[in-house]
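Data first, discussion second: the structure below is written as structure tokens.
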Amino acid sequence: MLARRAHSRVELLLKLTRRGYESAAIRAALRRLEELGYLDDQSFARSFVRRRGSVRGPRALSAELAARGVDRAQVDTAIAEFGEEEQLAAATQIAERLYARKRSPGYREILDEVGTKLVRRGFSVSIARAACNTLLAGRSDPSPA
């Protein structure tokens, strides 16, 4: 299972339980995988945030990691590495894709349509506003960047 993708400890525990393995064997296997470094929730969380940070904000990423059974402290550490600059870049990129689908004439319409979708994807209101401002400034400035 680990050859396909990294898993959290809880994910792997649930998958092995569903496949009918005994709990003592599962605990021993998980312990051994942790000793060998193949199972590490902290590195899983960091990798998950790097991979999914381009489409989700920190709130959504935090919820997804919690649903996968990653400890809150490890989630907070991984999310802390997803800085405001990276969040703004990801939110702006998403906003550009959303804005390309529907042309909105003004800031209020962009904020209502695009900003709301960014907040639903887990970005903070301030990041959503900044992304909308960046989007609007980019659209109003015809000179190449």
Item checked: Cα-centre dipole for the chain with unit charges at Cβ (Lys and Arg positive, Asp and Glu negative), debye to 20 -> 680 debye
Next item on the list: Using only Cα atoms, tell me the angle between helix 41-52 and the longest principal axis of the chain; keep it within 0 to 90° and round to the nearest 10.
Entry: 30 degrees
Margin query: Which one, 74, 100, 20, projects farthest toward the positive side of the charge dipole computed for the stretch 1-102 from Cβ point charges (K/R +1, D/E -1)?
Written below: 20
Note to self: Quick check on packing: order 121-128, 25-32 by the mean number of other C-beta atoms within 10 Å, highest mean leading.
What the structure shows: 121-128, 25-32
Item checked: P(r) weight above 18 Å for the stretch 9-80, C-alpha pairs, percent -> 43 percent
Next item on the list: Go through 83, 30, 63 and say which Cα lies farthest out towards the positive end of the charge dipole of the stretch 1-92; charges sit on Cβ, +1 for Lys and Arg, -1 for Asp and Glu.
Entry: 30
Item checked: the chain, relative contact order in percent, only Cα pairs under 8 angstrom and at least six apart counted -> 23 percent
Next item on the list: Report the one residue of 1, 44, 54 whose Cα lies farthest in the direction of the positive end of the charge dipole of the stretch 1-98 (charges on C-beta: Lys and Arg +1, Asp and Glu -1; origin at the Cα centre).
Entry: 1
Margin query: Along the Cα→Cβ direction, 7 angstrom out, place labels at residue 43 and residue 85. What is the inter-label distance in nm?
Written below: 2.6 nm
Item checked: Segments 86-93, 64-71 sorted - mean Cβ within 10 Å per residue, highest first -> 86-93, 64-71
Check: Which whole-number value in Å³ per residue fits the convex hull of the alpha carbons of the chain?
Finding: 133 Å³
Check: So for the pair residue 2, residue 24, with labels modelled 7 Å out along Cα→Cβ, what separation do we get in nm?
Finding: 2.3 nm
Next item on the list: Taking the chain as the reference, fit the longest principal axis to its C-alpha atoms, fit the long axis of helix 9-18 to the helix C-alpha atoms, and give the angle between the two in degrees, 0 to 90, nearest 10.
Entry: 60 degrees
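Every number in this text was worked out from the coordinates using simple rules, so none of it is lab data. Remember, predicted model here, so these are calculated numbers, not experimental data. For neighbour counting, all protein chains shown are included, and Cβ atoms are generated from backbone atoms with ideal geometry for every residue, glycine included.
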